[in-house]
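A short worksheet on the structure shown next.
The values are calculated or read from the model by the stated rules, or taken from the named source; none is laboratory data. Computed from a predicted model, the values in this text were never measured in an experiment. Heads up, the Cβs are rebuilt from the backbone with ideal geometry, glycines too, and the neighbour counts pull from every protein chain shown.
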């Protein structure tokens, strides 16, 4: 039986509850991920079949995850945790880092979350820009998919500057 096309679930575990009538200083995490599931499903390569989750977390939580799973005691922008099909895995995005990178890149944080989610998805599919054997394959796929999704810049491209 063939797996269904990509299905994406979104989690914002570190999003503070909103009090009635209050004005948050920052954009609420659910607003940052609105439309992300549909967008990622639309731009994903045909090989992306099954389920995955995307979590937008605090920088503090991301630092702890990076320390626990990669042995690096610093915050990073995105981590991918592959799994076995039909569940592709988890993509975790640091909300504060995403906001900083969005400002530096001159686009919205919603756009930055898409850049990071696409990058994370490619890692779940087995691409690895840090591996010499990749020979630019991930960068080429990211370029094609980000153009399809209306993104001007990708994470691999940005890291080469």
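It is to be established whether one or more residues within segment 123-143 are closer than 19 Å to residue 56 by Cβ and touching a residue at least 12 places away in the same chain (Cβ under 8 Å).
Of segment 123-143, the ones closer than 19 Å to residue 56 by Cβ are 123-124.
Cutting the leftovers down to touching a residue at least 12 places away in the same chain (Cβ under 8 Å) gives us 123-124.
Yes, segment 123-143 contains at least one residue that is closer than 19 Å to residue 56 by Cβ and touching a residue at least 12 places away in the same chain (Cβ under 8 Å).
Yes/no per residue for (1) farther than 13 Å from residue 6 by Cβ; (2) surrounded by fewer than 16 Cβ atoms within 10 Å (Cβ to Cβ); (3) at pLDDT below 95; (4) within 15 Å of the chain's Cα centre (by Cα):
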residue	(1), (2), (3), (4)
40	no, no, yes, yes
51	no, no, yes, yes
57	yes, no, yes, yes
74	yes, yes, no, no
146	yes, no, yes, yes
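Would you check if there is a residue in segment 148-157 being farther than 20 Å from residue 41 by Cβ and in a helix (DSSP H, G or I)?
Filtering segment 148-157 for residues farther than 20 Å from residue 41 by Cβ gives 152-153, 156-157.
Of the ones still in play, those that are also in a helix (DSSP H, G or I) are 156-157.
Looking for residues that are farther than 20 Å from residue 41 by Cβ and in a helix (DSSP H, G or I), one finds at least one in segment 148-157, hence yes.
Which of the residues belonging to segment 116-129 are surrounded by 15 or more Cβ atoms within 10 Å (Cβ to Cβ), modelled with pLDDT of 80 or more and not in a helix (DSSP H, G or I)?
Here is the first cut: in segment 116-129, the ones surrounded by 15 or more Cβ atoms within 10 Å (Cβ to Cβ) are 116-125, 127, 129.
So of that shortlist, the ones also modelled with pLDDT of 80 or more come out as 116-125, 127.
If the condition is that a residue be surrounded by 15 or more Cβ atoms within 10 Å (Cβ to Cβ), modelled with pLDDT of 80 or more and not in a helix (DSSP H, G or I), then 125, 127 are the ones that fit.
Residue by residue through segment 67-90, note down the ones that are touching a residue at least 12 places away in the same chain (Cβ under 8 Å) and under 19 Å from residue 158 (Cβ atoms).
75, 76, 77, 78, 79, 80, listed by residue number.
Hey, any hits in segment 130-144 for a residue that's at pLDDT below 90, surrounded by 21 or more Cβ atoms within 10 Å (Cβ to Cβ), touching a helix residue (DSSP H, G or I) at 6+ places or on another chain (Cβ under 8 Å) and not in a strand (DSSP E or B)?
yes
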